[in-house]
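The values are calculated or read from the model by the stated rules, or taken from the named source; none is laboratory data. Fair warning: this is a prediction, and the values are worked out from it, not measured in the lab. Positions of Cβ are generated from backbone atoms using ideal geometry, with glycine treated the same way; all protein chains shown enter the neighbour counts.
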Amino acid sequence: MSEPWATIYGQVWDDLVRFLDRKVWDPERARDLAQETFVRALQADPMPDDPRAWLFTVAGNLARDEARMAIRRRQKLKLIRVDAEDSDLVVGPDEELEVSERRVKVRQALESLSERDREALLLCDAGLSYAEIATATGLSSGAVGTTLSRARRKLAAAYEAAAGDEESGVAHR
């Protein structure tokens, strides 16, 4: 690995994997996609002006491509979708169950957001600056703060709705 990419790898790896995990909801697959992102980085010539933002853009595109491929595969095979949350019930301490339930609610809340809002929040959570988020999403620098603020409000409302629905016994699929 070239020296600049090796340095960037050390600085970005954990944030990139966390970003991808929140897009694909599979830690192993997130690490695989992060690795593929760096493979593409090593093939990039010349090196991008803003490598960090470029990496997150490539990673987001890889995650989207994988999601599209999975949808097409399911349609072609006409498989019945089984929710992992329904088939893999967590058996263990109360804390583990609570964390699992919270993760499901967060996932539902994130999925209720628009693609742009979700992408901006995940990039911010991964530690990108507003300028890097603007580069990765195509938003203007001035729109990033507004987008993040609106997305956070929507996320909080969706999370509270999911938590409220659970308490009232309403099931969502």
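Regarding the stretch 95-114, can at least one residue be identified that is touching a Lys or Arg at 6+ places or on another chain (Cβ under 7 Å), at pLDDT 90 or above and crowded, with 17+ Cβ neighbours inside 10 Å?
Taking every residue of the stretch 95-114 in turn, at least one turns out to be touching a Lys or Arg at 6+ places or on another chain (Cβ under 7 Å), at pLDDT 90 or above and crowded, with 17+ Cβ neighbours inside 10 Å.
Given (1) exposed (fewer than 14 other Cβ atoms within 10 Å of the Cβ); (2) of a type outside the set (D, E, K, R); (3) under 28 Å from LYS105 (Cβ atoms), where does LEU20 come up short, assuming only one miss?
LEU20 satisfies all of (1) exposed (fewer than 14 other Cβ atoms within 10 Å of the Cβ); (2) of a type outside the set (D, E, K, R); (3) under 28 Å from LYS105 (Cβ atoms) except (1).
Can you tell me how many residues in the stretch 117-129 are farther than 20 Å from ASP21 by Cβ and modelled with pLDDT of 90 or more?
0
Filter the stretch 1-52 for residues that are in a helix (DSSP H, G or I) and among the hydroxyl-bearing types (Ser, Thr, Tyr) and give the result.
Taking the stretch 1-52 first, the residues in a helix (DSSP H, G or I) are 3-24, 27-43, 51-52.
Once the filter is applied, which keeps residues that are in a helix (DSSP H, G or I) and among the hydroxyl-bearing types (Ser, Thr, Tyr), the stretch 1-52 yields THR7, TYR9, THR37.
Out of (1) crowded, with 20+ Cβ neighbours inside 10 Å; (2) over 23 Å from VAL106 (Cβ atoms), the odd one out for TRP5 is which?
Here TRP5 clears every test but (1).
Looking at this structure, is ALA151 crowded, with 21+ Cβ neighbours inside 10 Å, modelled with pLDDT under 90 and either in contact with a helix residue (DSSP H, G or I) (Cβ under 9 Å, 6 or more places away or on another chain) or over 23 Å from VAL17 (Cβ atoms) (or both)?
The answer is no for ALA151.
Out of the stretch 6-24, which residues are more than 11 Å from THR37 (Cα to Cα) and either without any contact (Cβ under 8 Å) to a residue 40 or more places away in the chain or among the β-branched types (Val, Ile, Thr) (or both)?
ALA6, THR7, ILE8, GLY10, VAL12, ASP14, ASP21, VAL24, listed by residue number.
For the stretch 98-148, give me each residue that is farther than 17 Å from TYR159 by Cα, in a helix (DSSP H, G or I) and hydrophobic (A, V, I, L, M, F, W, C).
If the condition is that a residue be farther than 17 Å from TYR159 by Cα, in a helix (DSSP H, G or I) and hydrophobic (A, V, I, L, M, F, W, C), then ALA120, LEU123, CYS124, ALA131, ILE133, ALA134, ALA136, ALA143, VAL144 are the ones that fit.
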